[in-house]
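The values are calculated or read from the model by the stated rules, or taken from the named source; none is laboratory data. Note that this is a predicted model, so its numbers are computed, not measured. Virtual Cβ from ideal backbone geometry, glycine too; neighbours counted across all protein chains shown. Heavy atoms of the whole protein, side chains included, go into the accessibility calculation; ligands, DNA and RNA do not. Shrake-Rupley method; radii C 1.70, N 1.55, O 1.52, S 1.80 Å.
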Amino acid sequence: MTLISKLGFKPQKKAHLIAPVTIKSSDISIVIPVRNNQKGIDLFLSEFFKTQNLESYPKEIIIVDNESKPEITIPKQFQVAPLSIRVIKCSKLGPASARNMGINSAKGDWILFTDSDCIPSESLITGYLNAMNGSIGYAGNVKAWSNDVLSNYYETQEILVPLKVIEDGQMIRPEYLITANALVWKKALEKIGGFNEIIKIAAGEDIDLGFRLLEIGNLSYSCQSIVYHDFTHGIIGFIKRFIRYGKGNKLVSQLYSIDLTPKAFIPNKPGFINQLLSRLQYVCLIVGYRNIAKGVGSRE
């Protein structure tokens, strides 16, 4: 039997939780952490009501304002019964802390994590309802909202889709979760204590969460559940993103004593521009990986 794990993490099972295989949309709470992105929240809500019908409404949408200035608000046109949309405030900085506050406030049995720069599709919720198989967490699909060069690169590289673990040539599960689009059983989140708040940046905290979930249950893909991601932050945003991801990889490597040093790679879609972007991505990852503060420690 051949198991291929690109990150090298091998979960040590501490439990084997099996989640319900049938759920309703009303069992789901959507949690969105946000800092200084009112425009993104407005777009998410606008597209949500365009794409979802009453039968696919979740129990609630919880927006966790992580010290935004000005504070995040919900425009009146989106305060629509019977869907509860509320803003709660988290003064402890970092998406891990913000999501934990969302988890603690949620009334649903399942938490659907997404971000303020994501835009829902018609299948965001229904895709998950059709994917249930007893897993405690599901990795949804993320596509680009725009059609520019950088957005196309992000999508073809599947930047926000978790790596696949391969066994005997067959894809068996995601290696972790990415919270741009992920559904997790609340009981499992409570059992592992939610997100690790030692990770203060928006990188690595969801990989760590996925690793710990794998120690108590299974993860699966839900490819039909789609969100679109707004990648229109230009080349400066591209550079900042991958430096941050490099830092996140270093934090995870320190926590789990695994080597996540970035390696040069060939882009999934050939072409001169994609080759340049892949090289820039690699350089940024290396810069971030080498410049994160040491001393995070291990989990032991």
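Scanning region 82-98 for residues that are among the aliphatic types (A, V, I, L, M) and in contact with a Pro (Cβ under 6 Å, 6 or more places away or on another chain) yields a count of 1. Every residue in region 165-183 that is of a type in the set (A, V, I, L, M, F, W, C) and open to solvent by less than 30 Å² (accessible area, probe 1.4 Å), please. Once the filter is applied, which keeps residues that are of a type in the set (A, V, I, L, M, F, W, C) and open to solvent by less than 30 Å² (accessible area, probe 1.4 Å), region 165-183 yields 165, 177, 178, 180, 182, 183.
Can you confirm whether residue 55 is open to solvent by 30 Å² or more (accessible area, probe 1.4 Å), out of contact with any Leu (no Cβ under 6 Å at 6 or more places or on another chain) and assigned to a loop (DSSP other than H, G, I, E, B)? The answer is no for residue 55. A single entry from 195, 113 fulfils the requirement of being closer than 18 Å to residue 52 by Cα, modelled with pLDDT of 95 or more and among the aromatic types (Phe, Trp, Tyr): 113. Of the residues making up region 127-134, none is closer than 26 Å to residue 269 by Cα, small (Gly, Ala, Ser) and at pLDDT 95 or above. Considering region 58-93, the residues that are farther than 22 Å from residue 24 by Cβ and without any contact (Cβ under 8 Å) to a residue 12 or more places away in the chain include one that is surrounded by the fewest Cβ atoms within 10 Å (Cβ to Cβ), namely 76. Sub-9 Å Cβ pairs linking a first residue in region 255-275 that is touching a residue at least 40 places away in the same chain (Cβ under 8 Å) to a second residue that is in a loop (DSSP other than H, G, I, E, B) and aliphatic (A, V, I, L, M), at least 6 apart or interchain, are 255/198; 255/199; 255/296; 256/7; 258/7; 260/7, ordered by first then second residue.
Count of region 27-52 residues, restricted to those that are touching a Gly at 6+ places or on another chain (Cβ under 6 Å) and not in a strand (DSSP E or B), is 1.
Each residue in region 260-291 was checked for being over 19 Å from residue 178 (Cβ atoms), at pLDDT below 95 and surrounded by 20 or more Cβ atoms within 10 Å (Cβ to Cβ), and 0 of them qualify.
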